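In what follows, a single structure is set out as structure tokens and then discussed.
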Amino acid sequence: MIKILTVIGARPQFIKAAVVSRALRGQGPDVREFILHTGQHYDANMSDVFFDELDIPRPDRHLGIGGGTHGQNTGRMIEAIEAVLMAEQPDWVLVYGDTDSTLAGALAAVKLHIPVAHVEAGLRSFNRRMPEEINRILTDQVADLLFTPTASAVANLRAEGIAAERIRPVGDVMYDAALFYAERAMARSTILDRLGVMPGQYVLATVHRAENTDDPERLRAILRGLMAVARERSVVCPLHPRTRGAIERLGMLDEIGRALILCEPLGYLDMVMLERQAAVIATDSGGVQKEAFFYQVPCVVFRQETEWVELVEIGAAQLVGAEAERIQSAILLNPPEAEAGEASVAIFGEGESGQKIATALRQG
Ligand code: UDP
């Protein structure tokens, strides 16, 4: 029997873990997964909805750690995860992406000599002011198996001196998720009616990266750009809790609420539906950038750089930073071309990443 202890805590990790968890269950009774939720994201619409919609088993342990600073969260998580690892004695610790939960899980495990597997390894923005970048670099250094989504991720790891034997190019689990849940979203989601928008007639915008929400100048410029767009076209904006707080502090929530169609964070199926039917997607999210491409929707990115460099290289995504005029003209006048199909397979794998990860873990 192989026991895999999965550490998750934030929205994008639930979506990635849904794919791998299903593949692990498909391995039969020899593989057992223990799910540990750190509590990093705790609102019902940032956490529970994903377990319900994506058929993720209920966490075996919930640590309830969230809401603090990076140092507080990471420190408290390491201590609590270590105790669970000592009690559970798993064969693998499986971590995802680039959050404080990822790093805490990896550090707690490696100090106990428990092998660590990292899903979505090797991504780099080369911007060390991003908390995610630090989490990625350190997690990749200590992980035993690094599951990479793209060729550039492999190249980044090799450039950092990580041995080829530790790297497993498996493709992107988010592509598996996009393929698996697309039909379910079309069948179940009523979000367009609920928001009163028509297919192909609106822009979908999300903002949540700290570099944008924690910098009043950048956030104000992005919001000004979106309000200018909204004079000509509906703009739907599901608000991350951090972003709502930041807009409130700027005193702009009423003004934004009049100009844009604001809503609470959405479940995955509603989000997929909105993405598929959008005219343009504008975002600073890594996951949403890729989903725009998978669903062949032009994507404008509120950042100076991206980890998903392939999307910019092939012209599916355009980096516009946080400049109101550039945002407005990229969305309204000159959206990038969005071709997917064959290109998805070439860049992100064949939609079998979850299966490949489960097999690799089983074989050790
Ligand atoms: N997402 C969602 N509801 C929302 C916003 C995003 O389900 O209101 C999904 C989105 O479709 C994608 C993932 O969350 O699959 C991306 O997560 P997020 O933007 O929080 O993080 P990132 O990908 O930037 O790490």
Expected unfolding gain across residue 193-residue 70 under the 0.36 nm per residue rule, minus the alpha-carbon gap, is 40.4 nm
Under 20 Å Cα to Cα from residue 16, which lysines show up? Leave out anything in the same chain fewer than 8 places away. 3, 290, 356
Projecting the Cα atoms of 112, 94, 189 onto the charge dipole of the chain, where Lys and Arg contribute +1 and Asp and Glu -1 at Cβ, the residue farthest towards the positive end is 112
Gaussian network model of the chain, Cα springs within a sub-10 Å range: biggest mean-square fluctuation belongs to which of 71, 287, 97? 71
For a quick protection proxy, order the peptides 79-89, 343-353 by their average other-Cβ count within 10 Å, most packed first. 343-353, 79-89
Sort 130-138, 143-151 for me by packing, meaning the mean count of neighbouring Cβ atoms within 10 Å per residue, highest on top. 143-151, 130-138
Positive-pole candidate from 83, 35, 126, dipole of the chain, charges at beta carbon: 83
Computed over the chain, the relative contact order (Cα-Cα under 8 Å, seq sep at least six) in percent reads 16
At a Förster distance of 30 Å, what's the computed FRET efficiency of residue 342 paired with residue 141, Cβ-Cβ distance as r, to 0.05? 0.30
Of region 166-194, those with amide N under 18 Å from the point 7 Å along the Cα→Cβ vector of residue 233 are 192
Toy charge model, Lys and Arg Cβ at +1, Asp and Glu Cβ at -1: region 249-341 dipole around Cα centroid in debye, rounded to 20, equals 180
Which of rounded, prolate, oblate describes region 37-93, given a ≥ b ≥ c as roots of the alpha-carbon gyration tensor eigenvalues and a/c under 1.5 marking rounded, otherwise prolate only if a/b is larger than b/c? oblate
In debye, nearest 20: dipole of the chain around its Cα centre with unit charges on the Cβ of K, R (+) and D, E (-)? 340
Using Cβ counts within 10 Å as a stand-in for footprinting exposure, how do 46, 1, 273, 198 rank, fewest first? 1, 198, 46, 273
Taking region 228-261, which GluC sites (Glu not before Pro) meet the DSSP loop condition and have no more than 14 other C-beta atoms within 10 Å? 232
Placing +1 on each Lys and Arg Cβ and -1 on each Asp and Glu Cβ in region 215-364, then taking the dipole about the Cα centre, the residue among 222, 311, 241 whose Cα reaches farthest towards the positive end is 241
Throw me the Rg/Rh for the chain, computed over C-alpha atoms with Kirkwood Rh, two decimals. 0.95
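Each reported figure results from applying straightforward, stated rules to the coordinates on display, with no laboratory input. All values reported here derive from a predicted model rather than from experimental measurement. Note: ideal-geometry Cβ built from the backbone for every residue, glycine included; neighbour counts use all protein chains shown.
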